[in-house]
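J.: Below you will find the structure I want to go over with you.
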Number of protein chains: 2
Amino acid sequence: MAQRVKLSTIAEALGLSTATVSLALRDSPLVADVTRDRIKDAARELGYIYNRRAASLRTSRSGIVGVCVHDVMNPFYGEILKSIESELDRHRQTFILCNHHDDLSKQRSFIDTLLQLGADGLILSPALGTPAADIRLAEENDLPVILIARTIEGAGVRGFRGDDAYGMGLAVDHLVELGHRSIAMIGGTRATSTGREREAGYLDGLKRAGIEFRPHWRIEGPRERLSGFESAGAFLAIDTPPTAIVCFSDLVALGLMYGLSRGGVRPGVDVAIVGYDDIEEAAIATPPLTTVSNGQSEVGERAASALLERLQGTEAAEHTTLIEPSLKVRLSCGAKSSG
Amino acid sequence: MAQRVKLSTIAEALGLSTATVSLALRDSPLVADVTRDRIKDAARELGYIYNRRAASLRTSRSGIVGVCVHDVMNPFYGEILKSIESELDRHRQTFILCNHHDDLSKQRSFIDTLLQLGADGLILSPALGTPAADIRLAEENDLPVILIARTIEGAGVRGFRGDDAYGMGLAVDHLVELGHRSIAMIGGTRATSTGREREAGYLDGLKRAGIEFRPHWRIEGPRERLSGFESAGAFLAIDTPPTAIVCFSDLVALGLMYGLSRGGVRPGVDVAIVGYDDIEEAAIATPPLTTVSNGQSEVGERAASALLERLQGTEAAEHTTLIEPSLKVRLSCGAKSSG
DNA sequence: CTGAAAGCGCTTACAG
DNA sequence: CTGAAAGCGCTTACAG
């Protein structure tokens, strides 16, 4: 290719200074309308490409926001990412995505990259075991952080997530109303705030109903479709299997339903199942999945807005906002209670 | 925060020049070992953060590779993205993801951003209707492009994708062997090379078997789970419904199976179904889905390698490499042929 | 309304 | 083995 076109190329072609060209391209009112139009036309004709590195070196604003989650492929993040994307788009921020797969070192190297690129901010669903110090390091280096989905003790930053304990309570209450007295919980781990909260909501729900928790009702671990599928075996191996199951997530529930079907047990008929998240697939599954809607799009939108406000100069705050979840009743919990 | 630490901060602290510090941090053999160690220690202690914008302004290498696909949430891209990610990781390239949602202007603005950031390359699954000129614009501005999954006439760049026509042929052949003589195809559009190729494979398959194609066997459009679900209605409305269905993708097939179940038709019993892509869920679905494995991880890996080679200085080539697909027989095609 | 000049934080020949 | 200086392509006071 020919010599790259830069501000000075345009300036020379028109007999102007680079200062004027720079101002004109950014629609500064300091430049006369006629001049501005001439400059913009020339820029277009010459195929000028704005060099953001050079600009951001000067202004220390990059227009980049990092978004880092466990796994972008997980539909749980679908709504969240979608609303973050549209919010950032509107403010002409480029958003760069990253999976950390719950690997702390991947997360760290992504944060490092953002710092090196002079990114303007980070929206993070922190990896398992993220120490508060990691968040502070970013903040101390002028990278504002907003947490989503999971929160971290002592991180001192703003966070947005669903009220997981309350939401899981809704699920349990509903099953109790249907007459169930033996309710399992499958999936999730205490290593995340989400896992702890949802488990707490489950245990509280049982307590409210005066049901005594049995340790073998709790199958920990599964957080995705495949492990949900595999957990069907463990569930069916329980001596007297519970009549109902609350799952850590819809993905776990959907995998579990596949697993139970294969084991000859009919979800929604032989056993009641409730998921969590209300992903798109829940409504069309066989049977349609009763679940807890988590307000994900609100989480995404508010996280993005909070970040944009901080970029505008608002002070950092450090509380976590809980979005109120709601129950979506469908057919998967239609099992007759049998005990 | 305090004044930002830069090369010169370290240089001053140690009584050295920035040149030496710069070389030392990049492990140049020009710097004495002792000096290098002192420098690295100081950098760590001072909390030095490398400024990539400044460096890349000078070197015109950014270490950034863009990856842009229709929708990162689509599990079809799962394997592809995973192998691209690990390949780029190993070469210390930061990869930034973007969805274009088949919106040309979104794709263009992403390419623009990459150009502005001085990105080193782009791996692209082009949006519907992407003109060859868009690809050439990138190439002319020193942004090498590699295409995946979909190809574009006359783009003049390297591409990698599964052999879609051949793969769909495998699916049809298998159904014919099972005795089916009326086979529908659901999903996909002629606006993408993938859609055209898979449809061509379907039609050729019918021809090979001496089956005359009926227009009402072809339900165009669906490319995702939800629209696959909805297409069940259209299928069941056919006067004498075909005994077998090949789907544009696993997602379409899985949605369709949900839809058929709800309509009281048992997939794999009342009607044979074959998907395409062999995503993880296919193996655990109810019933397990017969499908065509597309070699996605090979696509991702080879696309990333091809790009890395070009960054190394290899000349651009322009042929498309077809990865050979293979059939995975499971239970969803176990329907008895009835005509 | 427009221009000349400094500077953002690196890297890279070139000297020594 | 180390240093002084130029330059990557912008933006931003400051002058005029």
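J.: Mind scanning A:LYS82/B:LYS106; A:LYS106/B:LYS106; A:LYS6/A:LYS40 and naming the pairs with a C-alpha gap bigger than 21 Å?
T.: Table pairs above 21 Å Cα-Cα are A:LYS106/B:LYS106.
J.: With a 1.4 Å probe and all protein chains kept in place, how do B:ASP277, A:ASP89 rank by accessible area, largest first?
T.: On the way: B:ASP277 10, A:ASP89 70 Å².
The ranking, largest first, comes out as A:ASP89, B:ASP277.
J.: Another question about this same structure. Once amide H atoms are placed 1.01 Å from N in the peptide plane, what residues at a sequence separation of 5 or more from A:ALA184, or on another chain, have their amide H within under 5 Å of its amide H?
T.: A:ALA244, A:ILE245, A:VAL246
J.: Output the antiparallel fraction of DSSP beta bridges having both residues in the protein assembly as shown, as a percent to the nearest 5. Before the final figure, lay out each step's value.
T.: Values: 6 of 69 bridges.
For the protein assembly as shown, the DSSP antiparallel bridge percentage is about 10.
J.: Tally the DSSP beta bridges in chain B and give the antiparallel ones as a percent, rounded to 5. If you can, show how the numbers build up before the last one.
T.: On the way: 3 of 34 bridges.
In chain B, approximately 10 percent of DSSP beta bridges are antiparallel ones.
J.: How large is the accessible surface of B:LYS40 in square angstrom, using a 1.4 angstrom probe and rounding to the nearest 10?
T.: Roll a 1.4 Å probe over it and B:LYS40 shows about 60 Å².
J.: Defining the label point at 7 Å along Cα→Cβ, can you sort the distances from B:ALA132 to the same site in each other copy, shortest first, in nm?
T.: The answer, with the shortest distance listed first, is 6.0 nm.
J.: Taking a point 7 Å out from Cα toward Cβ as the label site, list the nm distances between B:LEU178 and the same residue in every other copy, smallest first.
T.: Between copies, matching label points for B:LEU178 lie 3.3 nm apart.
J.: Continuing with the same structure: Using Cα-Cα distances under 8 Å and only pairs 6 or more residues apart, what relative contact order does region A:7-50 have, in percent?
T.: 35 percent
J.: Follow-up. Of all the C-alpha pairs in region A:90-196, what % are more than 19 Å from each other?
T.: Result: 53 percent of Cα pairs exceed 19 Å.
J.: Taking Cα atoms, how many degrees apart are the long axis of helix B:164-177 and the longest axis of chain B, rounded to 10 and kept between 0 and 90?
T.: Once rounded, one gets 30 degrees.
J.: Here is a further query. Sorted by mean Cβ packing within 10 Å, highest first, what order do the peptides B:49-59, A:76-86 take?
T.: Going by the mean number of other Cβ atoms within 10 Å, highest first, we get A:76-86, B:49-59.
J.: Still on this structure: Can you list, shortest first and in nm, the gaps between the label point of A:ARG208 and those of its counterparts in the other copies, using a point 7 Å from Cα in the C-beta direction?
T.: Those label-point separations list as 5.9 nm.
J.: How big is D, in µm² s⁻¹, for chain A by Stokes-Einstein at 25 °C and 0.890 mPa s if Rh is the Kirkwood radius over C-alpha pairs?
T.: 109 µm²/s
J.: Can you give the angle from 0 to 90° between the axis of helix A:76-90 and the longest principal axis of chain A, with both taken from C-alpha atoms, to the nearest 10?
T.: The answer is roughly 20 degrees.
J.: Applying 1/(1 + (r/R0)^6) with R0 = 51 Å to the Cβ-Cβ distance of A:THR320 and A:THR18, what FRET efficiency is obtained, to the nearest 0.05?
T.: Computed FRET efficiency for A:THR320 and A:THR18: 0.60.
J.: What distance in nm separates the simple spin-label points at B:ALA200 and A:SER8, each placed 7 Å from Cα in the Cβ direction?
T.: 5.1 nm
J.: Let me ask something additional. Give the peptides B:206-217, A:250-261 in descending order of average Cβ contacts within 10 Å, highest first.
T.: Going from most to least packed, we get A:250-261, B:206-217.
J.: To continue, here is another question. In what order, largest first, do B:GLU87, B:GLU220 sit by accessible area if the probe radius is 1.4 Å? Provide the component values of the computation, followed by the final result.
T.: Values: B:GLU87 20, B:GLU220 90 Å².
If we order B:GLU87, B:GLU220 from most to least accessible, we get B:GLU220, B:GLU87.
J.: Next question. Quick one: which residues, 5 or more positions from A:LEU97 or on another chain, have an amide H under 5 Å from its amide H? H modelled 1.01 Å from N in the peptide plane, none for Pro or chain starts.
T.: Placed amide hydrogens put A:VAL67, B:LEU97 under 5 Å from A:LEU97.
J.: Could you compute the FRET efficiency for A:ASP27 and B:GLU139, with r as their C-beta to C-beta distance and R0 at 25 Å, rounded to 0.05?
T.: Once rounded, the FRET efficiency stands at 0.25.
J.: Follow-up question, since we're still on this one. Report ³J(HN,Hα) in whole Hz for each residue of region B:305-322, in order, from the Karplus equation J = 6.51 cos²θ - 1.76 cosθ + 1.60 where θ = phi - 60°; Gly and Pro get x.
T.: Per residue, the Karplus-derived 3J(HN,Hα) values read 4, 4, 5, 4, 4, 5, 5, 6, x, 5, 5, 5, 10, 9, 8, 9, 9, 9 Hz.
J.: On C-alpha positions alone, give me the angle between the axis of helix A:250-262 and the longest principal axis of chain A, in degrees, nearest 10.
T.: With both axes taken from Cα atoms, the answer is about 40 degrees.
J.: Ranked from the most accessible area to the least, with a 1.4 Å probe and all protein chains present, what is the order of B:GLU224, B:GLU318?
T.: The residues order as B:GLU318, B:GLU224, largest area first.
J.: Ignoring everything except DSSP H segments at least 4 long, calculate the 222 nm mean residue ellipticity for chain B; use -39,500 (n - 2.57) per segment, divide by total residues, nearest 500.
T.: Numbers: 12 runs with 145 residues, N = 339.
Calculated at 222 nm, the ellipticity per residue is -13500 deg cm²/dmol.
J.: Normalised by the number of residues in chain B, what is the relative contact order in percent for Cα pairs under 8 Å and 6+ residues apart? Could you put the intermediate results ahead of the total?
T.: Numbers: 649 pairs, mean separation 58.0, N = 339.
The normalised contact order for chain B reaches 17 percent.
J.: For B:THR35 and B:LEU178 in the same chain, what is the full-extension length gain: residue separation times 0.36 nm, less their Cα-Cα distance, in nm?
T.: Values: separation 143, 0.36 × 143 = 51.48 nm, distance 7.39 nm.
Fully extending the segment from B:THR35 to B:LEU178 adds 44.1 nm.
J.: Efficiency by 1/(1 + (r/R0)^6): what FRET value for B:LYS207 and B:LEU104, r their Cβ-Cβ distance, R0 = 35 Å, to the nearest 0.05?
T.: My answer for the efficiency is 0.50.
J.: Please report, in debye to the nearest 20, how large the charge dipole of the protein assembly as shown is about its Cα centre when each Lys and Arg carries +1 at its beta carbon and each Asp and Glu carries -1 there.
T.: On the way: 74 positive and 88 negative charges, 99 e Å.
Using Cβ point charges on Lys, Arg, Asp and Glu, the protein assembly as shown gives about 480 debye.
J.: What accessible area, in Å² to the nearest ten, does a 1.4 Å probe give for B:ASP27?
T.: Looks like 90 Å² after rounding.
J.: How much accessible surface area, in Å² rounded to 10, belongs to the heavy atoms of B:MET73 with a 1.4 Å probe?
T.: It works out to around 40 Å².
J.: Then there is this: From other protein chains only, count the Cβ atoms within 10 Å of every residue's Cβ in A:52-58, then give the mean.
T.: Partner Cβ neighbours, averaged per residue: 6.
J.: Could you work out, residue by residue across A:90-103, how many beta carbons of other chains sit within 10 Å of that residue's beta carbon, and then give the average as an integer?
T.: 3
J.: Amide H neighbours of A:THR321 under 5 Å, counting only residues 5+ apart in sequence or on other chains, H built in-plane at 1.01 Å?
T.: For A:THR321, whose amide H was placed from the backbone, the distant partners under 5 Å are A:GLY159, A:PHE160, A:ARG161.
The values are calculated or read from the model by the stated rules, or taken from the named source; none is laboratory data. What you see is a predicted model, and the numbers here were worked out from it, not measured in a lab. Cβ sites come from the backbone with ideal geometry, for glycine too, and all protein chains shown count toward neighbours. The area values use the complete protein model at the heavy-atom level, side chains included, leaving out ligands, DNA and RNA. Shrake-Rupley method; radii C 1.70, N 1.55, O 1.52, S 1.80 Å.
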